[in-house]
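*Asks:* Below you'll find the structure I mean.
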Amino acid sequence: MAGGFLGRVAADTLGLSDIGKIISPQDFDKVDGDDFILQEDGEKIFFVIKSKTDEYVFTNYGLIHVDGKSAIEKKRLVKRYDFKYYKVSQVTLETAGTIDLDIEIKFFINEQGFSIDVDKNQMELLKKLYKSLIEVSYIQKHNEALFGDGVNGLKMANEDLSRNVIQGDIVDITERLTNFNLDWMEALRKEYHKRDFCEAYEKYLG
């Protein structure tokens, strides 16, 4: 037990462990992930967790994971998870025990699970990220329900219409009905397939 603990302390002291650090906003432009955000399209960084092998860059549009295989490997794989298309779920936060050097945040993005160790001295900052991801998840679930209601409403209207006798040029009526349906669905997507989640971060960052 003591040997394992001392080994972990030594690894952290020597910079050999993979415990992540939450990067200060003034240093966001120094992380690798900054090169991959869509600045020209309004994307901005709110949190960065950086370890020896990985960077987790949380933006208003999603998560950018700069994935490294080892501390000495220079090659990186950049993975992007946009909140518009990927759902956040099962967000949990594990606090540190007496001898632990790290705390841990876990979450899923669709079926992809993430487990990130962070320096336990940064608990207050990690709590803010935890709350922000919970908020993203709530917004996504709420919008998904409203989108479903809109789709069901359109379906019911079309079924109602199909039970009535339609008079006039059937080709013209069909074309107009099709265009209406397409416009309705496009409006629903714009309203409820949210891209920008600034509010989820700003609510807890103050």
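Where a number appears in this text, it was derived from the coordinates with a stated rule and is not lab data. Quantities reported herein were computed from a predicted structural model and do not represent experimental measurements. With ideal geometry, Cβ positions are generated from the backbone for all residues, glycine too; neighbour counts draw on all protein chains shown.
*Asks:* Can you work out the PRE-style zone for Thr95? Point 7 Å along Cα to Cβ, and I want the residues of the range 119-145 with backbone N under 17 Å.
*Replies:* 119-131
*Asks:* Which links in Lys30/Lys190; Lys52/Lys141; Lys79/Lys190 stretch past 32 Å when you go from one Cα to the other?
*Replies:* In this structure, Lys30/Lys190; Lys52/Lys141 exceed 32 Å between Cα atoms.
*Asks:* Next question, about the same structure. For Asp82 paired with Glu199, estimate the spin-label separation in nm (one decimal), with each label point 7 Å from Cα along the Cα-to-Cβ line.
*Replies:* Label at Asp82, label at Glu199, 2.0 nm between them.
*Asks:* Let me ask something else. Apply the Karplus parameterisation 6.51 cos²θ - 1.76 cosθ + 1.60, with θ equal to phi minus 60°, to every residue of the range 88-97 and state each ³J(HN,Hα) to the nearest whole Hz, in sequence, with x for glycine and proline.
*Replies:* Each residue's phi maps through the Karplus curve to give 8, 8, 6, 7, 9, 10, 10, 7, 8, x Hz.
*Asks:* Moving on. Given H placed on each backbone N at 1.01 Å, which residues far from Asn60 in sequence or on other chains put an amide H within less than 5 Å of it?
*Replies:* Result for Asn60 returns Lys44, Phe46.
*Asks:* Okay, moving on. Pull out a ≥ b ≥ c, the square roots of the eigenvalues of the alpha-carbon gyration tensor of the range 14-158, then state rounded if a/c is under 1.5, prolate if not and a/b is larger than b/c, and oblate in the remaining case. Working shown, then result.
*Replies:* Details: a/c = 2.38, a/b = 1.69, b/c = 1.41.
It is prolate, given that a/c is not under 1.5 and a/b is the larger ratio.
*Asks:* What list of ³J(HN,Hα) couplings, whole Hz, do you get for the range 109-120 from phi and the Karplus terms 6.51, -1.76, 1.60, once you set θ to phi - 60° and write x for glycine and proline?
*Replies:* Using θ = phi - 60°, the values come out as 10, 6, 8, 7, x, 10, 9, 10, 7, 9, 3, 5 Hz.
*Asks:* Would you mind computing, in nm to one decimal, how far apart the modelled labels at Lys127 and Leu146 are, each placed 7 Å from Cα along Cα→Cβ?
*Replies:* Each label point lies 7 Å from its Cα, and together they span 3.0 nm.
*Asks:* Another question about this same structure. Kindly rank 52-63, 22-33, 83-94 from highest to lowest mean number of other beta carbons found within 10 Å of each residue.
*Replies:* 52-63, 83-94, 22-33
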